[in-house]
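*Asks:* Quick one: structure below, then a few questions.
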Amino acid sequence: MAEQTVKLTIDGKEVAAPKGMNLIEAAKLAGIEVPHYCYHPKLAVVGNCRMCLVDVGMPKMGLDKKPEIGPDSKPVIMFGPKLTIGCNTSVAEGMVVHTRSPKVIKAREGVMEFLLINHPLDCPICDQAGECRLQEFSVDYGKGQSRFVEEKVHKPKKTEIGPKIMLDDERCILCSRCVRFMRDVAGQDCLGFVNRGSYSTLTCYPGMEPNTNYDLNITDICPVGALTANDFRFKQRVWFLKETKSVCPNCATGCNTVLWSREGVVHRQTPRDNDAVNQCWMCDSGRLHYKFINDPHRITTPTVKSSAMGERLALTWPEATRQIAEKLMPLKGKGSTIAAIGTARATTEELFLFNKLMREILGAELVDCVPHVGEADKFLLDADRNPNTNGAKLTGVAGEPIGSRIPAIAEAIKSGKIKTLIVHGENVVKYGVTEELLAKLDLLVVIDTLPNKVTELAHYVLPGATFAEKRGTFINARNRLQRLNAAIPSPGIARPEWQTFAALLNELGGDGGYLTIEDVFADMARLLAPLAGLNLSKIGDLGVELKPATETKGEAKTESTAAAGAKT
Amino acid sequence: MTMQVERPKLTIWERTYLPQILHGLWLTLKHIPQRKFTRQYPEEKPPLHGAYRGAPTLVKDPEGRVKCVSCQLCEFVCPPKAIRITPRARPEDVPDANVEKEPEDFVIDMLRCIYCGYCEEVCPEEAIFLKQDFAIAGYTREELRFHKEKLLELGGVQPDSIWKWKFKGAPPLDAPGAPKREGAGRKG
Amino acid sequence: MIPLLLIHLIKIACVIGVMLGIVAYTVLAERKICAWMQDRIGPNRVGPFGLLQPVADGLKFIFKEDVLPHHVNKVYFTLAPMIAMIPALITIAVVPWGSQLVIPSVSHDPIPGVIANLNVGILFVFAISSLGVYGIVLAGWSSNSKYPFLGGIRSSAQMISYEVCLGLSVVPVFMQVGSLNLMKVVEYQAQHTWLGFTQPLSCFIFLVSAFAETNRLPFDLPEAEQELVGGYHTEYSSMKFAMFFLGEYAAMFMASALMATLFFGGWSLPFAPFNAPAQTLTVGLIHIGIFLAKVCGFLFFFIWVRWTIPRFRYDQLMTLGWKIFIPLTLLNILISGVVLAVITK
């Protein structure tokens, strides 16, 4: 590796950069920002915005092909007559780069002035305002005023680019990031520029429009407000939104995301850079699947079925916990009449407590999770739509393969052997445990966030929290342990499930004492070998790869998903 | 440290206090015919300074259009969080559809407003003005949450020269009241 | 011919009516004058120039809730405002409002301009007005609360002290006139000269003591708002409070009437036909007018002083009463006696 590193000087700082790296990235290593629009680290370099112009010099070579040494006993540096774009210039040994010389500053001012000539003064309306590179760079590098007095060129303002995206051509600065993304990453070459000069316009190829599952990424990479997502258009200004680092719960890939919320309402979800998982992209189906968080029908309080007519009575948490514990206490250790269906959409901590409660305290044997399987694409979307299948396996909740015990549970209820069923977060009616079977049960306890057939039939319904409302971890398909953070509070008195399980454990005489999610994780790390030595803060924002001890389980998962027949 | 204050020596006549009392009586008597400072308030309004910061209101431009585009900067800058805006897209069939966004509702809670004027200062469209209304009263809290219609009614039409709505044919530079094109901070 | 009893009843009704009317408007005058002295306008919303303000005040007092705190002695608490108000109204009976009214169609004899022509008029005044302090003391005590209690104590000490000054200060007047009958005092002044000129020290001490007796600034220590939150009437509301209020202003009216009667010639003016008892009805009515004008002048003086001079400290009040005024009045009596003895010889 050492021989592939070159040394260069950027703004007087010595930088050792890998060979082949461009100057924008090399400057980033030195902590220097080179402004740019068209360059994107994950996209091909085109160099058409000219914002990253820098002054590049090379040592003067003597006739002996060796650097000439000047009177100050340093190599003589020859600067080019013109500036060079940083994005398309690779580092070289002995190179000297100025990113803040008067020449560079003047060049940037010129570029900014040209970019703003035809850019409309839309900022008060524009959704990009607040996260707009044009705004930021015109403050940082622009001249502060315009000399342009003529009429601006007007272009179409509202053009639909596919069903999900709105294009404002006036705002477009023709950086072509979207064109390259659709062509190179999303694999649908459908965008391009037509017309010339000031009239250049981004448009779809005739008869085509972006319709992949990754289109919305172009709204993220668009440096200005030209491409905006219909889903978020005019909904909220970004400066009101609180950013919470999270993980997408919609498939086993576990794309790293940011949840943007205001006053307890999540308004959008965007991808977060993590080269080990999703680079800086995410699929549209995952991105748009956040609305259930703020569904008005969310279950907000524990309830008990008070009559055969289906009327429900609201309970406080202590009452609900006590009543359920009273019903479960006589069954303690006689697990043969109890079954439990957990969910691989829950956090690892919740699955761990679920397993402890069901298997160790109540002694249930029939415990499993429900598999959710869809179609995988070749990029990010995984066939396993459970975000935490590996967590369910690691903690022991899931069967081998996942979901294999569900028919046995249905059968046992039918035969009257199982009298008590505890369901967490799954509409089991869809997976073989029919309504007739549920009606036969003596006790059905359901923990869920939204009402469904099962919550209607349940004797006790306990509200849960969505992924945006709790802390915890997921283990993704590649055995990467990733962390969730709470972005918003739960509605009503709903609370994260781990608290509910911990309270039940306490009532039923388990050695509870879990006061915080850290306590749960610590206990889990003590008992489960792959997690040894970890804690929630050590996981970090980008997650950690789990030790090979779980490699076998990971392989088993691949088989099991193939075997599981149920589809979401 | 205590300080001894030397008291003035009084004559016998002064020590009766009568000269001071008589002087006081004369002083109060003198004031009876003097000009009165009382302002008969509800009928007689106090003269307000031109820059007086009264209730914030929404204004319309001389052509009767709501100037606010619901950029929500006022909502952001408002120190007591008195402003709440619900934005919406404007219909596409209006003649000035280049202004794409408008407030669906614009609420200022006059009970929270502290009349600081930041909203007026921050507004990029000069759509919000602190007018001279200062006696804002009501019987319920809800009554004092002024909605868009009420705010527009209070604001009225602002006779000025903001040309945002002009899609084409901006006024010539020498037109009276035309904005200075090279104004600081204005780009493009 | 109308029976004498009826004439007396009519006189009483007129006197009480006029007096209460003046008292009510004194309240308005007080508010107006204090406003003017402070460069304000004063009440001007009820009726023209605010002239109906007393009516509005009265209505308001009537409609206010009459709070009877549970910790008070209810009998005395209710009794106190009456005791405070009634003496001021009774004493006016011996003050001559005019000389006499000659109405042959009503009565053969001229009707005297006083309700009760008592030979010991001034003693009657002192006797009855001393009862006023009971109202205040009772109010302070029965309220069963700190501030009224302190107000009551202050009041009793202050009124007893200044009653001595008040009584002693007028002795030279009667020595000079030779009668305790107030009618006689006025007639004497009508014939000779106003006693204010011959007895200036008496006049001055009587005036100052009257301020103390009526609890007016600068001697309003019993009710001192700043220190005692209103003093003895802190716990009172509605009409009970109004009675204290009226009592205070009625006492002020009474003090003004006595000042006019004893030192400034009562109904008389020092020229004919106003320096002798009226022989016609017109002159008789003018006499009453003269008397009321003088009373109003003193009422204005009371108000004027209130809005000019700040309140005395309690020790200053007592020093002034016991150490200065009482010796001065005694000295005054001595000098008057000697001078009168020399002159009459």
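*Asks:* If A:Ser490 satisfies every condition in (1) touching a residue at least 12 places away in the same chain (Cβ under 8 Å); (2) more than 29 Å from A:Lys332 (Cα to Cα); (3) not in a loop (DSSP other than H, G, I, E, B) but one, which is the exception?
*Replies:* (3)
*Asks:* While we're on this one: Spot the failing condition for A:Val149; the list is (1) within 13 Å of another protein chain (Cβ to nearest Cβ); (2) among the β-branched types (Val, Ile, Thr); (3) part of a helix (DSSP H, G or I), and only one is missed.
*Replies:* (3)
*Asks:* Okay, moving on. Mind listing whichever residues of region B:114-134 are open to solvent by 70 Å² or more (accessible area, probe 1.4 Å) and under 27 Å from B:Glu43 (Cβ atoms)?
*Replies:* Correct list: B:Gln132, B:Phe134.
*Asks:* Which members of region C:209-239 meet the condition of being buried (at least 20 other Cβ atoms within 10 Å of the Cβ) and assigned to a helix (DSSP H, G or I)?
*Replies:* Passing the criteria: C:Ser209, C:Ala210, C:Phe211, C:Ala212, C:Glu213, C:Leu228, C:Gly231, C:Tyr232, C:His233.
*Asks:* Kindly list the number of the only condition in (1) surrounded by 20 or more Cβ atoms within 10 Å (Cβ to Cβ); (2) modelled with pLDDT of 90 or more; (3) not β-branched (Val, Ile, Thr) that fails for C:Leu317.
*Replies:* (2)
Residues are listed down the side, and each one gets a yes or a no for (1) of a type in the set (Lys, Arg); (2) in a loop (DSSP other than H, G, I, E, B):
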residue	(1), (2)
A:Ser307	no, yes
A:Gly310	no, yes
A:Glu319	no, no
A:Gln323	no, no
A:Lys327	yes, no
A:Pro330	no, no
A:Ala339	no, no
A:Ala344	no, yes
A:Glu350	no, no
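*Asks:* Do we find that C:Glu235 is of a type in the set (Asp, Glu) and over 11 Å from the mean Cα position of the chain (by Cα) in this structure?
*Replies:* Taking the combined requirement at face value, the residue satisfies it.
*Asks:* Filter region B:66-80 down to the residues that are out of contact with any Asp or Glu (no Cβ under 7 Å at 6 or more places or on another chain) and within 14 Å of chain A (Cβ to nearest Cβ), then identify the one that is most open to solvent (accessible area, probe 1.4 Å).
*Replies:* The selected residue is B:Phe76.
*Asks:* Right, here's the next one. What's the number of the condition B:Ile83 fails, among (1) hydrophobic (A, V, I, L, M, F, W, C); (2) facing another protein chain (nearest Cβ under 10 Å); (3) within 30 Å of B:Glu153 (Cβ to Cβ)?
*Replies:* Among (1) hydrophobic (A, V, I, L, M, F, W, C); (2) facing another protein chain (nearest Cβ under 10 Å); (3) within 30 Å of B:Glu153 (Cβ to Cβ), B:Ile83 violates only (2).
*Asks:* Right, something else. Does region A:230-251 hold any residues that are open to solvent by 20 Å² or more (accessible area, probe 1.4 Å) and either more than 19 Å from the chain's Cα centre (by Cα) or of a type in the set (A, V, I, L, M) (or both), and which are they?
*Replies:* A:Asn230, A:Arg233, A:Lys235, A:Gln236, A:Trp239, A:Phe240
*Asks:* Restrict the check to region B:95-102 and report whether at least one residue is without any contact (Cβ under 8 Å) to a residue 40 or more places away in the chain, of a type in the set (Lys, Arg) and away from every other protein chain (no Cβ under 12 Å).
*Replies:* The answer is no; no qualifying residue exists.
*Asks:* Among the residues of region A:360-395, which ones are among the acidic types (Asp, Glu) and either farther than 27 Å from A:Ala412 by Cα or open to solvent by less than 10 Å² (accessible area, probe 1.4 Å) (or both)?
*Replies:* Hits for region A:360-395 are A:Asp368, A:Glu375, A:Asp377, A:Asp382, A:Asp384.
*Asks:* Select, from A:Thr244, A:Thr300, A:Thr253, the only residue that is in a loop (DSSP other than H, G, I, E, B) and within 23 Å of A:Gln499 (Cα to Cα).
*Replies:* A:Thr300
*Asks:* Then there's this: Scan region A:130-146 residue by residue and report those that are at the interface with chain B (Cβ under 7 Å from one of its Cβ atoms) and either at pLDDT 90 or above or in a helix (DSSP H, G or I) (or both).
*Replies:* Correct list: A:Ser138 only.
*Asks:* C:Val186 is checked against (1) in a helix (DSSP H, G or I); (2) open to solvent by 10 Å² or more (accessible area, probe 1.4 Å) and fails just one. What number does that condition carry?
*Replies:* (2)
*Asks:* A further question on this structure: Got a number for residues in region A:475-521 being among the hydrophobic types (A, V, I, L, M, F, W, C) and open to solvent by 60 Å² or more (accessible area, probe 1.4 Å)?
*Replies:* Counting residues in region A:475-521 that are among the hydrophobic types (A, V, I, L, M, F, W, C) and open to solvent by 60 Å² or more (accessible area, probe 1.4 Å) gives 2.
*Asks:* A:Cys178 - would you say it is touching a residue at least 40 places away in the same chain (Cβ under 8 Å) and under 30 Å from B:Cys119 (Cβ atoms)?
*Replies:* In short, no.
*Asks:* Can C:Asn73 be described as more than 16 Å from C:Lys240 (Cβ to Cβ) and either exposed (fewer than 15 other Cβ atoms within 10 Å of the Cβ) or within 14 Å of chain B (Cβ to nearest Cβ) (or both)?
*Replies:* Answer is no for this residue.
*Asks:* Look through C:Ala255, C:Ala242, C:Ala293, C:Ala260 and report the one residue that is among the aliphatic types (A, V, I, L, M), surrounded by fewer than 22 Cβ atoms within 10 Å (Cβ to Cβ) and either in contact with a Phe, Trp or Tyr (Cβ under 8 Å, 6 or more places away or on another chain) or part of a loop (DSSP other than H, G, I, E, B) (or both).
*Replies:* C:Ala242
*Asks:* Quick one: how many residues across region A:34-92 are within 27 Å of A:Arg171 (Cβ to Cβ) and in a strand (DSSP E or B)?
*Replies:* 3
*Asks:* Which one is nearest to C:Val46 (Cα to Cα) among residues in region B:28-46 that are surrounded by 12 or more Cβ atoms within 10 Å (Cβ to Cβ) and facing another protein chain (nearest Cβ under 9 Å)?
*Replies:* B:Thr38
*Asks:* If you check C:Gly152 against the conditions, is it of a type outside the set (D, E, K, R), open to solvent by less than 10 Å² (accessible area, probe 1.4 Å) and part of a helix (DSSP H, G or I)?
*Replies:* yes
*Asks:* Can you pull out the residues in region A:156-173 that are more than 8 Å from chain B (Cβ to nearest Cβ) and open to solvent by 30 Å² or more (accessible area, probe 1.4 Å)?
*Replies:* Correct list: A:Pro156, A:Thr159, A:Glu160, A:Pro163, A:Lys164.
*Asks:* Here is a follow-up. Which one is nearest to the other protein chains (Cβ to nearest Cβ) among residues in region B:128-147 that are in contact with a Leu (Cβ under 7 Å, 6 or more places away or on another chain) and under 14 Å from B:Ile83 (Cα atoms)?
*Replies:* Looking at residues that are in contact with a Leu (Cβ under 7 Å, 6 or more places away or on another chain) and under 14 Å from B:Ile83 (Cα atoms), I get B:Ile128.
*Asks:* I would also like to ask the following. Looking only at region A:168-208, count every residue that is assigned to a strand (DSSP E or B) and farther than 20 Å from A:Trp281 by Cα and tell me the total.
*Replies:* Going through region A:168-208 one residue at a time, the tally reaches 7.
The values are calculated or read from the model by the stated rules, or taken from the named source; none is laboratory data. Computed from a predicted model, the values in this text were never measured in an experiment. Counting neighbours? That spans all protein chains shown, and the Cβs are built from the backbone with ideal geometry, glycine included. Ligands, DNA and RNA are stripped out before the accessible areas are found, and what is left, the full protein with its side chains, is counted by its heavy atoms. Shrake-Rupley method; radii C 1.70, N 1.55, O 1.52, S 1.80 Å.
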